[in-house]
Amino acid sequence: MKTIISEQEVQLKNELNEADYQVDRSSIAAENLEETPYSFGVLMKWGKNHRFMPVGIPEHEAPFYAFLNYLKEQHKESGGQQTVGEYLASTLVQQFQAFINREGMSNPIDMWNGKPQQKAVLELLDQKLETHVKDEYFYDRVKGFWIYYCEQESPIIRKPAVFAATLEYMYKTTPYFGTNLPPVTQKYVAKKYGVSPNSISKRKYELEDQLFEWWMKSVKIVKCLTTPFRLILAVRL
């Protein structure tokens, strides 16, 4: 948890061992710390303070503690020979992706504190998308990206079908979600959702601004070969 000390510093409490850290504010990827007082990332000593490397990923309360419970369950199933912190360190890439995509947890639509119109986009996508392409891992990544986009951009949604159609088109055509599905055209998806191809093209351009940033945060792990570091699940004090 974060206590805002100044514009440059916050104080964090590690949920795994209750240790406190002074952290550079700039290393936490959140504009409003009051709205997302939880963070996940690799914390390294940086002068008199610590910094998240590459960044601390902000999160809301419900999904943060859902992930913490998920992590503890995974640790228990592993045999519990390590501490939870050691287990997190040894499965870092897996857990980093689980945190971003909310894998193995409750339905992200139910957990997410999104606005009704934002949730309606995922509900419509779930209704329209073919069953055989709803691979749990890749489909969860699409949902995770939409939630990330909404939390970063707070889009005004007048017609959920436009965004749902855009997500399906991107899911089936962009390499960032890792699928290997037959390509589709904007015209085909537009007809399926009852929207225009131009509206998909416009929204795709808007979503792509955040897609690369989301993808980088979901896969980029800084490997520290000689510098001591700590994995931290933190909440503001």
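The values are calculated or read from the model by the stated rules, or taken from the named source; none is laboratory data. What you see is a predicted model; the values in this text were computed from it and never measured. Here the Cβ positions follow ideal geometry from the backbone for every residue, glycine too, while neighbour counts run over all protein chains shown.
For the stretch 130-147, how many residues are modelled with pLDDT of 85 or more and either touching a Ser or Thr at 6+ places or on another chain (Cβ under 9 Å) or under 28 Å from Gln74 (Cβ atoms) (or both)? Going through the stretch 130-147 one residue at a time, the tally reaches 6. Listed by first and then second residue, the pairs with beta-carbon distance under 9 Å, at least 6 apart or on different chains, first residue in the stretch 83-109 and modelled with pLDDT under 75, second part of a loop (DSSP other than H, G, I, E, B) and not β-branched (Val, Ile, Thr), are Arg102/Trp112; Pro108/Arg102. Each residue in the stretch 49-90 was checked for being buried (at least 19 other Cβ atoms within 10 Å of the Cβ) and of a type in the set (D, E, K, R), and 2 of them qualify.
One residue stands out in the stretch 160-200 among those that are without any contact (Cβ under 8 Å) to a residue 24 or more places away in the chain and under 21 Å from the mean Cα position of the chain (by Cα): the one that is farthest from Lys134 (Cα to Cα), namely Pro175.
Okay, residues lined up against (1) surrounded by 13 or more Cβ atoms within 10 Å (Cβ to Cβ); (2) closer than 24 Å to Ile100 by Cβ; (3) modelled with pLDDT of 80 or more:
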{"residue": "Thr3", "(1), (2), (3)": "yes, no, no"}
{"residue": "Ser6", "(1), (2), (3)": "no, no, no"}
{"residue": "Val10", "(1), (2), (3)": "yes, yes, yes"}
{"residue": "Lys13", "(1), (2), (3)": "yes, yes, yes"}
{"residue": "Ala29", "(1), (2), (3)": "yes, yes, no"}
{"residue": "Gly47", "(1), (2), (3)": "no, no, no"}
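Just one of the numbered conditions (1) under 25 Å from Phe67 (Cβ atoms); (2) crowded, with 16+ Cβ neighbours inside 10 Å is not true of Pro197: (1). Are there any pairs, at least 6 apart or on different chains, whose C-beta atoms fall under 6 Å, with the first in the stretch 130-157 and among the acidic types (Asp, Glu) and the second assigned to a helix (DSSP H, G or I) and at pLDDT below 80, and if so, which? So the pair list comes out as Asp140/Asn101. Residues that are modelled with pLDDT of 95 or more and crowded, with 17+ Cβ neighbours inside 10 Å do occur in the stretch 175-187, at least one of them.
Restricting to the stretch 142-160, name every residue that is in a helix (DSSP H, G or I) and either at positive phi or surrounded by 19 or more Cβ atoms within 10 Å (Cβ to Cβ) (or both). Outline the logic, then answer.
Step one: filter the stretch 142-160 for residues in a helix (DSSP H, G or I), giving 142-153, 160.
Those that are in a helix (DSSP H, G or I) and either at positive phi or surrounded by 19 or more Cβ atoms within 10 Å (Cβ to Cβ) (or both): Val142, Lys143, Gly144, Phe145, Trp146, Ile147, Tyr148, Tyr149, Cys150, Glu151, Pro160.
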